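J.: Just dropping this structure here.
What follows is calculated from the coordinates using simple rules that are stated; it is not laboratory data. Predicted, not measured: the structure shown is a model, and the values here were computed from it. Cβ coordinates were reconstructed from backbone atoms using ideal geometry, including for glycine residues, and neighbour counts include every protein chain displayed.
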Amino acid sequence: MSRPAATHPVLDPTLAPPFPQAVLPVLRNPQLRKNVAHAIDVIQAKRASLVAEKTDWQELRSAASAIRTHALENLGTYLEQFETRCTAAGGTVHWAADAAQARQIILDLLRQEKASEVIKIKTMTSAEIQLNPFLEANGVHAFETDLAEIILQLGEGEPSHIVVPALHVNRSQVREIFARTMGLKDLSDDPKVLTNAARTYLRKKFLTIPTAISGANFLIAETGGVVVVESEGNGRMCLTLPQTMITLAGIEKVLPRFQDLEVMLQLLARSATGERMNPYTSIWTGVTPGDGPQKFHVVLLDNGRSSILARSKHRQTLKCIRCAACMNTCPVYRQTGGHAYGSVYPGPIGAILTPQLMQMHHAQSLPYASSLCGACYEVCPVKINIPEVLLELRAEVIDQERKQPGRALDPMYWGLRIANVLFSRAWIFHTAQWFGRIGLGLFTRKDGWIHSLPSVGGKWTQTRDLRGLPNQTFHSWWASRGPQSNGVELIGGTK
Amino acid sequence: MSAIVQSRKMILDRVRAAIQHPGKDLADAAVEYSALPHNYTRRGSLSTAARLQLLIDRLREYDAEVLECNAGELPAVIAAQLAASGRHTFVAPARLPADWLAPGYEWRLDHGLNTAEIEEAEGVVTAASCAVADSGTIVIHHTAAEGRRVLTLLPDWHLCILRASQVVEVLPEYFDRCRQQPNSHSSEEDLSMVTPALATYISGPSATADIEMTRIKGVHGPRFLHVILVREQG
């Protein structure tokens with residue numbers, strides 16, 4: 001069967017090609033597009049029916065939005081409260097200003113434990129800081145334990161979705177990966193058999209590896225508790241069996257109170273997987289004698305988040321609870337899948353989060369990876385106005401381009417400067433039209449369409465045809481009708 | 001070490017500088033918090049019978065097996081469930097009521113069992129703290145009758161016993177119960193709970209849909225969930 005895309009996707013925003021370029025291998029891969037569309041259709045249908053049955057859905061959204069906004073506006077206060085409560089309960093809180101610091105803190109903790117292996121619960125934050133390759137380079141092998149993450153780790157693939165990271169891989173591809181890497185020759189492609197293979201593969205790891213790494217869905221300031229939401233039970237295994245637990249969490253994950261979960265949990269499962277509630281939610285607070293890991297560390301990660309917080313219109317980006325409803329509903333994501341976004345955070349939320357985490361030094365093409373249709377805003381359980389932030393970011397990208405010294409070499413720049421003159425006087429415009437008709441006539445085929453244009457014009461014809469100019473402009477047609485005509489006849493239609 | 005200490009100050013300074021009113025403390029935040037909108041459904045509207053039926057329907061949708069009985073019948077119903085399971089070795093929390101431990105089976109009470117002893121067991125029997133009908137969620141606070149987290153994790157078969165009075169209709173009702181301080185002279189029927197340090201919310205058996213969105217039951221947690229709902233007498 002077909003292997004995953006031949007070109008390996010790059011999810012490091014500092015290295016990834018711009019979106020229009022990164023998207024090409026996907027658009028040429030019908031299997032991948034079929035896998036993505038199928039997965040999204042299933043989630044979308046389930047979500048829609050479960051949201052419809054909730055009569056207070058909009059009230060829940062409003063409450064969630066208000067809680068998240070309030071938490072961000074008081075973030076310093078709540079982070080300190082979380083630290084105090086978590087520490088009092090026997091946990092240790094670490095602060096990492098950037099990805100490098102977070103990686104180093106985690107490696108130092110693992111070295112203290114003399115760990116050469118570690119089991120992991122799926123965490124997009126660890127992918128953000130590229131933890132696994134760093135640990136590997138320093139002699140610690142990380143075993144992913146979420147089924148999708150195992151598929152990607154063993155198949156050397158990259159996540160393309162934040163909730164169902166391997167949705168672009170189909171069952172026969174999974175079969176091929178498991179058969180090859182687990183040495184199971186007679187494996188069938190029945191998802192049940194494949195899931196069982198993963199269960200057997202991991203059981204021993206859960207029971208023997210004494211150190212684990214997790215992310216967090218929420219941090220509770222009031223209690224110092226940490227919340228992990230999951231389906232498979234691999235999270236519970238990692239949270240319960242090891243002796244040492246290290247949790248990596250973005251600073252924005254904090255909720256003021258335990259009770260806030262009554263809003264968040266109702267929204268999260270329905271939005272993310274189309275379930276009334278996810279199978280397992282785990283909450284733990286520091287260390288509990290006799291139950292679970294007896295050493296517990298939380299690493300609080302900034303890595304660009306505080307700079308997002310500083311801008312009031314952009315701040316809402318940090319309200320995100322990572323449900324992925326925006327990517328499931330996005331007409332662009334549906335066609336491209338996640339890899340084209342060049343980041344572990346794809347889809348509409350990735351299009352606003354990634355460039356901001358990069359402080360607008362990278363991923364500037366992402367704010368344009370949207371039709372601005374607003375579907376993402378409509379489904380967002382915490383009401384992030386993604387189109388609004390996209391427009392803000394586009395304006396910033398344009399400002400950056402204005403300051404670039406090389407812009408005088410850009411044909412687009414000269415094109416727009418010339419257009420500025422052309423549109424300023426009617427006679428210049430008419431003259432330009434006349435020349436334009438002659439010029440475009442050279443590219444117009446017999447069917448009346450232009451299929452390909454050179455230079456900046458190619459940006460249009462790269463994805464769609466352009467209709468050739470008609471022989472007469474509206475203006476000249478109107479003038480040729482003479483003074484006797486009036487508007488009524490026009491509406492009545494020409495015969 | 002000092003770099004990390006500096007990071008703490010740096011992050012908190014940045015976060016405070018990012019927001020207009022950096023001088024706010026917890027008390028100010030609490031005032032602001034109390035004004036947040038909470039207009040969603042906070043109380044259920046179903047009758048007791050309908051609420052219990054909703055829970056049963058939801059649990060069955062998750063492929064959990066549900067039985068109802070009166071308090072007096074409970075030991076016999078437990079024994080019948082154990083017999084029907086075809087299993088023999090069970091673990092149980094140390095403070096599980098003695099009359100739930102049906103005779104004729106190997107019971108391993110958790111007075112500090114090691115992982116291997118729990119892993120070898122074929123099933124586990126526990127109490128629960130609460131259940132939410134709307135989402136079919138069983139809430140475990142890991143008290144002495146509910147057991148340590150590992151107890152309800154490794155065995156493949158879980159029998160959970162719920163009292164009807166523990167069943168609420170919507171999730172906010174559970175959180176309301178958690179906010180109440182338990183009565184010092186706590187009677188059998190006191191339903192209030194403290195905010196838990198440890199909690200597990202179970203909504204159906206462990207599952208995945210990672211391969212082509214096909215729902216597969218039983219990945220790492222128990223694959224079989226059985227619930228006995230005990231109706232109050234009178």
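J.: If you keep only loop residues by DSSP, which chymotrypsin sites (Phe, Trp or Tyr not before Pro) in segment A:355-438 have at most 13 other Cβ atoms within 10 Å of their Cβ?
T.: A:PHE423
J.: Further, regarding this structure: Could you give the dipole magnitude of segment A:38-194 about its Cα centre, charging the beta-carbon of Lys and Arg +1 and that of Asp and Glu -1, in debye to the nearest 20?
T.: 240
J.: Among A:ARG180, A:ARG322, what is the fewest-to-most ranking by other Cβ atoms within 10 Å?
T.: By the 10 Å Cβ count, ascending: A:ARG180, A:ARG322.
J.: Measure out, as a whole number of angstrom, how far apart the alpha-carbon centroids of segment A:361-391 and segment A:396-452 sit.
T.: Spelled out, the Cα-based centre of one part sits 28 Å from the other.
J.: Can you tell me what the convex hull of the Cα atoms of segment A:315-431 projects to on average, as an area in nm²?
T.: 9.4
J.: Take the cross-link list A:LYS120/A:LYS295; A:LYS253/A:LYS295; A:LYS253/B:LYS217; A:LYS122/A:LYS319; A:LYS192/A:LYS253; A:LYS122/B:LYS217 and give me the ones stretching past 24 Å between alpha-carbons.
T.: From the list (A:LYS120/A:LYS295; A:LYS253/A:LYS295; A:LYS253/B:LYS217; A:LYS122/A:LYS319; A:LYS192/A:LYS253; A:LYS122/B:LYS217), the Cα-Cα distance tops 24 Å for A:LYS253/B:LYS217; A:LYS192/A:LYS253.
J.: Specify the angular offset, from 0 to 90 degrees and rounded to the nearest 10, of the alpha carbon long axis of helix A:347-357 from the longest principal axis of the alpha carbons in chain A.
T.: 80
J.: What are the ³J(HN,Hα) values, in whole Hz, obtained from phi via the Karplus relation 6.51 cos²θ - 1.76 cosθ + 1.60 with θ = phi - 60°, for each residue of segment A:233-246 in sequence order, with x given for Gly and Pro?
T.: x, 5, x, 4, 4, 5, 7, 10, 7, x, 8, 10, 10, 10
J.: Running Debye on the protein assembly as shown with equal point scatterers at the Cα sites and no solvent, what base-10 log of I(q)/I(0) appears at q = 0.09, 0.10, 0.11 Å⁻¹?
T.: Calculated log10 I(q)/I(0) at the listed q: -0.84, -1.01, -1.19.
J.: To the nearest whole number, what is the average tally of beta carbon atoms from other chains within 10 Å of the beta carbons of peptide A:226-239?
T.: That works out to 5 on average.
J.: So, in nm, how far is label A:LEU27 from label A:ASP447 when the simple model puts each one 7 Å beyond its Cα toward the Cβ?
T.: My value for the distance between the label points is 1.8 nm.
J.: How far is it, in nm, from the label point at A:GLU156 to the one at A:LYS34 when both lie 7 Å from their Cα along the line to the Cβ?
T.: In this crude spin-label approximation the distance works out to 2.6 nm.
J.: Amide H to amide H under 5 Å from A:ASP146: which residues, 5+ apart in sequence or cross-chain, H placed 1.01 Å off N in plane?
T.: It is A:LYS122, by chain and number.
J.: Can you tell which of B:ALA131, B:ALA17, B:ALA27 shows the greatest fluctuation in a Gaussian network model of chain B with Cα springs below 10 Å?
T.: Answer for the Gaussian network model of chain B: B:ALA17.
J.: Would you work out the charge dipole size for chain B about its Cα centre, treating the Cβ of every Lys and Arg as +1 and the Cβ of every Asp and Glu as -1, and quote it to the nearest 20 debye?
T.: 780
J.: Using only the alpha-carbon atoms, how far is helix A:426-441 inclined from the longest principal axis of chain A? Give it as 0 to 90 degrees, nearest 10.
T.: Long axis of A:426-441 versus the principal axis of chain A: about 80 degrees.
J.: A follow-up question, please. Around A:GLY225, which amide H atoms from residues at least 5 apart in sequence, or from another chain, sit under 5 Å from its own amide H, with H modelled in the peptide plane?
T.: For A:GLY225, the qualifying residues are A:ILE220.
J.: Given H placed on each backbone N at 1.01 Å, which residues far from A:VAL299 in sequence or on other chains put an amide H within less than 5 Å of it?
T.: A:HIS94, A:THR247, A:LEU248, A:ALA249
J.: A follow-up question, please. If all Cα-Cα distances of segment B:35-155 are sorted into 10 Å bins from 0 onward, what percent lands in each bin, rounded to whole numbers?
T.: Spelled out per bin, shortest first, that is 12, 35, 34, 13, 6, 1.
J.: Here is a follow-up. For A:ARG394 and A:GLN472 in one chain, what is 0.36 nm times their gap in residues minus the Cα-Cα distance, to one decimal in nm?
T.: In short, 24.4 nm is gained.
J.: What whole-number value in cubic angstrom gives the convex hull volume per residue for the C-alpha atoms of segment A:54-303?
T.: It is 126 Å³ per residue.
J.: Could you tell me, in Å, what Rg and Dmax come out for the Cα atoms of segment A:416-492?
T.: Taking only Cα atoms of segment A:416-492, I get Rg and Dmax of 15.8, 45 Å.
J.: Can I ask one more? Once phi is turned into θ = phi - 60°, what whole-Hz ³J(HN,Hα) does the Karplus curve with 6.51, -1.76 and 1.60 give for every residue of segment A:295-306, x standing for Gly and Pro?
T.: Karplus-based 3J(HN,Hα) across segment A:295-306 equals 10, 9, 10, 10, 10, 8, 10, 8, 6, x, 5, 5 Hz.
J.: Then there's this: So, counting K/R as plus one and D/E as minus one, what does the shell of residues with Cβ under 15 Å around B:ASN114 add up to?
T.: Every neighbour counted, the sum reads -2.
J.: Among the aspartates and glutamates, which have Cα under 18 Å from the Cα of A:LYS34 when same-chain residues fewer than 8 positions away are ignored?
T.: A:GLU158, A:ASP189, B:ASP210, B:GLU212
J.: What list of ³J(HN,Hα) values in whole Hz, one per residue of segment A:124-134 in order, does the Karplus curve 6.51 cos²θ - 1.76 cosθ + 1.60 (θ = phi - 60°) give from phi, with Gly and Pro shown as x?
T.: My calculation for segment A:124-134 gives 5, 5, 5, 5, 4, 8, 6, 5, 4, x, 5 Hz in order.
J.: Give me the percent of Cα-Cα pairs in segment A:1-111 that sit more than 21 Å apart, rounded to a whole number.
T.: When all Cα pairs of segment A:1-111 are counted, 70 percent exceed 21 Å.
J.: Where does chain B land at 222 nm, in deg cm²/dmol rounded to the nearest 500, when only DSSP H runs of n ≥ 4 count, each adding -39500 (n - 2.57), divided by all residues?
T.: That comes out to -8500 deg cm²/dmol.
J.: Here is a follow-up. More than 22 angstrom separation, counting every C-alpha pair in chain B; what % is that?
T.: The share of Cα pairs beyond 22 Å in chain B comes to 61 percent.
J.: Now, a different point. Please give the contour-minus-distance gain from B:VAL5 to B:SER45: 0.36 nm per residue of separation, less the Cα-Cα distance, rounded to one decimal in nm.
T.: Result for the pair: 9.2 nm of gain on full extension.
J.: Using Cα atoms only, what is the angle between the long axis of helix A:57-73 and the major principal axis of chain A, expressed in degrees (0 to 90) to the nearest 10?
T.: In chain A, helix A:57-73 runs at an angle near 80 degrees to the longest axis.
J.: Which value at 222 nm does chain A reach when only helices count, each DSSP H run of 4 or more adding -39,500 (n - 2.57), with the total divided by all residues and rounded to the nearest 500 deg cm²/dmol?
T.: That calculation yields -14000 deg cm²/dmol at 222 nm.
J.: Tell me which cysteines of the protein assembly as shown come out unpaired when the rule is another cysteine's Cβ under 4.7 Å.
T.: When partners are defined as cysteine Cβ atoms under 4.7 Å apart, the protein assembly as shown leaves A:CYS86, A:CYS238, A:CYS320, A:CYS323, A:CYS330, A:CYS373, A:CYS380, B:CYS69, B:CYS130, B:CYS160, B:CYS178 without one.
J.: With each pseudo-label sitting 7 Å past Cα toward Cβ, what's the A:THR92-A:ASN420 distance in nm, one decimal?
T.: 5.9
J.: Pick out, in residue order, every one of the GluC sites (Glu not before Pro) in segment A:119-227 that is DSSP loop and has at most 12 other C-beta atoms within 10 Å; say none if there are none.
T.: A:GLU156
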